[in-house]
1. Subtract the Cα-Cα distance of HIS131 and LEU210 from 0.36 nm times their separation in residues, and report this length gain in nm to one decimal.
2. Using 0.36 nm times the number of residues separating ASP247 and PHE441, minus their current alpha carbon distance, what extension gain do you get?
3. Determine which residues of region 187-220 fall in the zone a paramagnetic label at LEU172 would reach in this model, i.e. backbone nitrogen under 13 Å from the point 7 Å along Cα→Cβ.
4. Short version: ³J(HN,Hα) in whole Hz for each residue of region 348-353, in order, from phi by Karplus 6.51 cos²θ - 1.76 cosθ + 1.60 (θ = phi - 60°), x for Gly and Pro, what are they?
5. May I ask you to derive the FRET efficiency for GLU369 and ALA62 from their Cβ-Cβ distance with R0 = 60 Å, giving the value to the nearest 0.05?
6. Label VAL413 and ASN276 with points 7 Å out from Cα along Cα→Cβ: what is the distance between them in nm?
7. Quick one: accessible area per residue over the chain, 1.4 Å probe, rounded to a whole number of Å²?
8. Once the Cα atoms of helix 384-393 and of the chain are each reduced to a long axis, what angle between those two axes, in degrees from 0 to 90 to the nearest 10, is obtained?
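The values are calculated or read from the model by the stated rules, or taken from the named source; none is laboratory data. Fair warning: this is a prediction, and the values are worked out from it, not measured in the lab. As a convention, Cβ positions derive from the backbone with ideal geometry for all residues, glycine included, and neighbour counts pool all protein chains shown. Heavy atoms of the whole protein, side chains included, go into the accessibility calculation; ligands, DNA and RNA do not. Shrake-Rupley method; radii C 1.70, N 1.55, O 1.52, S 1.80 Å.
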Amino acid sequence: MENQQNTPDNLANLATIASLAAHEGQSVTLHGWLYNMRESGKLLFPIFRDGTGTIQGIVPKAAVAPEVFDRVKGLTQESSVIVRGKVRADKRAPSGFELDVEDVEVVQRVSEETPFPISLKEHGVDFLMEHRHLWIRTPRQSAILRIRATIMRAAAEFFDMQGFVRTDPPILTPAACEGTSTLFELDYFDDKAYLTQSGQLYIEATALALGKVYSFGPTFRAEKSKTRRHLTEFWMIEPEVAWIEFDGLLELAENFISHIVKRVLEQHRADLAVLNRDVAKLETIQAPFPRLSYDEAHAMLEKAYAEGKIEAPHEYGDDFGSPDETYISSQYDRPVMVHRYPAAVKAFYMQPDPQDATKALCVDVLAPEGYGEIIGGSQRVDSYDLLKERIEHHNLPFEAFQWYLDLRKYGSVPHGGFGMGIERAVAWICGLEHVRETVPFARTLNRIYP
């Protein structure tokens, strides 16, 4: 097959698998790889992928030149190819289309002596994670990463449309939001620095300069956790708003989540089908969300324990563990906003409830279906004296927070914000068992390769 990559005709007809609906009945050129091959007598059924999806090709021996048939028949898994063929609608096909192959150019044929390691049989998780650089080529993993990209784009889009200004905080910080016990420490020119666990403190400063801001970037937690919900490196989007009070913050959070789910449903029905995701459960995700105080949530757990629905009682005053969050969220068909936790178990910067100073004006948004907290946020302490007292009470290094206290000295106002971890949101929306599949290369307690 003549290489037509740079000819005007080829460029005009170059398509992606995701765009084939616009080319029904036309001959197109696809650049991609062989994902799988089936044979039935004198018929070949190559399945091609190109990063936007997969499509089955049809190659009847009688309909193509002998060398084309032989070329296709000799393809190996993940061989890179340029395929020309006619797009034909077929309701039986997963994508709704098939490709009547006319010609194939082999760009690189994978050797049979060193075949693609990830065959179509089942593999163990350790093997797949060791070959993550290749595992991401499979339809399921590619679908997850496409959805992840849309979630990240929709998250930024929401705040951009609301007039927020993106301001990026530093990755290296001299102190932590909530102590240094779960931070990665490193040497910074003979001083100590930490990889950030949140951009919050810094964007509080930019919010008081610009009004409405958000940050979006990688964050790090040195938690020695092996649960399906935790990574040591993850991406977080964090809005912060001057002049907002608690009820406004809750409304912002529920509208934000609703917007993201709406965008995924608009753009990724086919990918959700690859994941066998029940989209009916996502279609219910619309604001307003149910709201539940900490005390109400505790009472719900007490009742569930008394009725034998959960195995362990919840101790009043403690934070909620994963089993507690799973049960609470299972009572609703959309995220539930649990608010006003005991101040003693929450961070030093959270504003006390004016009706009950033992409670903080904070919220955890719990995703349905047992996916746990996807958003955590609060109204922030705006009093200089109270914040200073809190820093001292938590034995935090006063000198590291002097700049943060300055924000309460020069024109302090009510303000608040929240953070959403992208990976947990991806796990929930995609219906994944483990958060390690939500990012191209997961960093966990026992994995830093590849």
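1. 24.0 nm
2. This chain segment gains 66.1 nm when fully extended.
3. 187-196
4. Calculated HN-Hα couplings, in order: 5, 8, 8, 5, x, 5 Hz.
5. 0.75
6. Roughly 5.2 nm, to one decimal.
7. 47 Å²
8. 80 degrees
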